[in-house]
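Working notes for the structure below.
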Amino acid sequence: MDNQVYNGVVSFIWGIADDCLSDVYVRGKYRGVILPMTVIRRLDAALEDTKDDVLKMKKMLDESGIFNQNEALCNAAKQSFCNSSQFKLKDLASRANQQKLKTDFIAYLDGFSPNVQDILKKFKFYNQIDTMVDADILGAVIEKFVSPTVNLSPDPILDDVGGVRLPALSYDGYNF
């Protein structure tokens, strides 16, 4: 990744902190929201193309009474992680009711595979949700992170003629 792209992503992410978190958190506490949301959006972006496949597999496994679903769902996601909730992060951006947003966002987070759940626990991210809901900023934070002006995905976003509109977010040949 070149420095211009990297600097643009960094500016974008910390701009979210300044726009949404400055009245709620002291500057040193921004990372309690910004770091996990960056990881969540990055994982979500990597899973977007296979979301329908994961949901179909989940339905099939549920109907078959299979309880240990993680491996099959991750295979459907073509990743070592998955999210079997009915939501993509983008789906939550338009929620007006904060309590409905909170419920749906928690359901979305709970849909991640156990390996991602471990990451979220280490971040203690669930502790931040009530603070964001009480301050009425959860929706704004989600909306900013799913903005079409930045690509946190491991894949480039192409324009209408197949050229790269937004490069992939990768480094030294690694996607994650």
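The values are calculated or read from the model by the stated rules, or taken from the named source; none is laboratory data. This is a predicted model, so every value here is computed, not measured. For neighbour counting, all protein chains shown are included, and Cβ atoms are generated from backbone atoms with ideal geometry for every residue, glycine included.
Odds and ends about this structure:
- In region 98-137, residue modelled with the lowest pLDDT [restricted to those that are polar (S, T, N, Q) and exposed (fewer than 12 other Cβ atoms within 10 Å of the Cβ)]: GLN99
- Residue in region 121-138 that is part of a helix (DSSP H, G or I) and under 19 Å from LEU55 (Cα atoms) present: no
- In region 24-52, residue nearest to the chain's Cα centre (by Cα) [restricted to those that are closer than 19 Å to ILE129 by Cα and of a type in the set (Lys, Arg)]: ARG41
- Set SER147, SER113: member being in contact with a strand residue (DSSP E or B) (Cβ under 8 Å, 6 or more places away or on another chain) and of a type in the set (Ser, Thr, Tyr): SER113
- The listed residue being under 30 Å from LYS29 (Cβ atoms) and not hydrophobic (A, V, I, L, M, F, W, C), out of ASP49, ASP130, ASP62, ASP53: ASP130
- Scan of region 139-176 for residues that are closer than 19 Å to LEU89 by Cα, modelled with pLDDT under 70 and either in a helix (DSSP H, G or I) or among the small types (Gly, Ala, Ser) (or both), ordered by number: ALA168
- Tabulated pairs, region 48-60, first touching a residue at least 12 places away in the same chain (Cβ under 8 Å), second assigned to a helix (DSSP H, G or I) and not basic (Lys, Arg), C-beta under 6 angstrom, 6+ apart or interchain: THR50/ALA77; ASP53/ALA76; VAL54/LEU73; VAL54/ALA76; VAL54/ALA77; MET57/ALA72; MET57/LEU73; MET57/ALA76
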